[in-house]
1. Could you pull out the residue among Thr98, Thr47 that is surrounded by fewer than 18 Cβ atoms within 10 Å (Cβ to Cβ), of a type in the set (S, T, N, Q) and assigned to a helix (DSSP H, G or I)?
2. Output the residues belonging to the range 157-183 that are in contact with a helix residue (DSSP H, G or I) (Cβ under 7 Å, 6 or more places away or on another chain) and not in a helix (DSSP H, G or I).
3. Among the residues of the range 108-126, is there at least one that is in contact with a strand residue (DSSP E or B) (Cβ under 9 Å, 6 or more places away or on another chain), more than 17 Å from Met167 (Cα to Cα), surrounded by 21 or more Cβ atoms within 10 Å (Cβ to Cβ) and not hydroxyl-bearing (Ser, Thr, Tyr)?
4. Could you say whether any residue in the range 62-74 is closer than 16 Å to Val123 by Cα, polar (S, T, N, Q) and touching a residue at least 40 places away in the same chain (Cβ under 8 Å)?
5. Just to be sure, is Ala153 at pLDDT 95 or above and more than 18 Å from Val62 (Cβ to Cβ)?
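The values are calculated or read from the model by the stated rules, or taken from the named source; none is laboratory data. The model shown is predicted, which means the values in this text are computed figures rather than measured ones. Reconstructed Cβ throughout: ideal geometry from the backbone, glycine too, with neighbour counts over all protein chains shown.
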Amino acid sequence: MTTGRASKLLRRPGQGRAGFLELFLDLVFVLAFFRLSQELLKHPSWTGAFQTLVLLFAVLFVWIAATRFTDTFDPQHPLIQLVVMWIMFGTLVLAAATPEAFGRRGLVFAGVYVVVRLGIFAVAILLLRGHEGQRNAVRLLFWVGMSAVLWIAGAFLPGWVRGALWMTAAAVEFVGIALGFPTPRLGRSGERRFEVVVSKNTWPSGSGSSSSSPSASRSW
């Protein structure tokens, strides 16, 4: 079931058109991926390719989390827009730190990555209070939290050790996906892709009547 508070924040059926902030967020990620390609061109070696792959996983994970968030919540709501702007700022910092991610800005890159990833799911848990999607957001937060330890630890270590720990951190999240994000007390997700059902039929109304509008599924 969906509480009144959550229903006001969820993207409604038929609200499929991307807003300005969503389009701008996409441009920010285009910039981040462009910076990665630039670094690969500057370091055309096996080491450069490996480091670019590791950083690509990080940016890709942030992009997936941001897409889940904007696909689930109403992009026109001021609170959601504020969160989206915060994600954009974090992504811009990631893009700026990319050239020195395996150098002096390793802690900046890893720290911002962890804050953005954990922050997205933490905000989702708060906003989905009373909604069935909250349980899966908790699962995702748990697995991202485990990988976060490796991202931060790797930032304090040099060279190939940092790369090995960061690649292991990325692998932890892939394992979570493969296993269905098993989490203490919550178990694993029933499906590999969790469906958040957004339907006017489940929204409480003051008169107690229900609408017959079709439902829409949002993956979270």
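1. Values: Thr98 fails: surrounded by fewer than 18 Cβ atoms within 10 Å (Cβ to Cβ).
Result of the check over Thr98, Thr47: Thr47.
2. Hits for the range 157-183 are Leu157, Phe181, Thr183.
3. yes
4. yes
5. Values: at pLDDT 95 or above: yes; more than 18 Å from Val62 (Cβ to Cβ): yes.
It is true that Ala153 is at pLDDT 95 or above and more than 18 Å from Val62 (Cβ to Cβ).
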